[in-house]
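Read the structure below first, then the notes.
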Amino acid sequence: MKKTIAIIGATEPTGKAATMQLASHPGVRFLLLSPDTTALASLTHTLHATFPGAEIEAMTCTRDASWEADIILLTVPEAEEEMVAQLIKEVVTGKIVIHINETGRPSDILQKALPHSIIETLKPEEITGLSFTQSGVRS
């Protein structure tokens, strides 16, 4: 069964790097989100050209993408975490939310706002070790 991963903040530096690293995973569908629609269209075009077989879709609604996704990769700046958590909290119950930040320190904001989700925190360099299986994520 194919996993669907929403990458919120896909055009942020960390999000873009994560997307470029993960897009080659076979059997994974990616939903990319960013408020910068021009940068998002450019990133999506680049990914389709670089990984022709990859399933990559640009989306405009964070809540819908998170509802559709099995795993949510959150790469937004710390100042936006609360806003994003409020947008997705009703649709991520029991889902894995992978929070990527420079320190690798868990976010108290996300822990409080998403108490029924599985919150994992990684540093950007730990993304390369992720693999996606039918049961979830392995690092």
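Some values worked out for this structure:
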{"quantity": "Filter result (at pLDDT 95 or above and over 23 Å from residue 85 (Cβ atoms)) within segment 16-38", "calculated": "38"}
{"quantity": "Some residue of segment 45-62 being at positive phi and either at pLDDT 95 or above or not aromatic (Phe, Trp, Tyr) (or both)", "calculated": "no"}
{"quantity": "Subset of segment 43-62 (residues that are over 15 Å from residue 29 (Cα atoms) and surrounded by fewer than 17 Cβ atoms within 10 Å (Cβ to Cβ))", "calculated": "45, 46, 49, 50, 60, 61"}
{"quantity": "Residue in segment 80-127 that is modelled with the highest pLDDT, counting only those that are in contact with a Gly (Cβ under 7 Å, 6 or more places away or on another chain) and hydrophobic (A, V, I, L, M, F, W, C)", "calculated": "96"}
{"quantity": "Candidates 75, 62, 93, filtered to the one that is touching a residue at least 24 places away in the same chain (Cβ under 8 Å), within 22 Å of residue 1 (Cβ to Cβ) and of a type outside the set (Gly, Ala, Ser)", "calculated": "93"}
{"quantity": "Subset of segment 5-29 [crowded, with 19+ Cβ neighbours inside 10 Å and either assigned to a strand (DSSP E or B) or of a type in the set (Val, Ile, Thr) (or both)]", "calculated": "5, 6, 7, 8, 11, 14, 19, 28"}
{"quantity": "Every residue from segment 1-51 that is of a type in the set (Val, Ile, Thr) and within 15 Å of the chain's Cα centre (by Cα)", "calculated": "4, 5, 7, 8, 11, 14, 19, 28, 44"}
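The values are calculated or read from the model by the stated rules, or taken from the named source; none is laboratory data. Being a predicted model, the structure only gives us computed values, none of them experimental. Cβ atoms come from the backbone with ideal geometry, glycine included; neighbour counts cover every protein chain shown.
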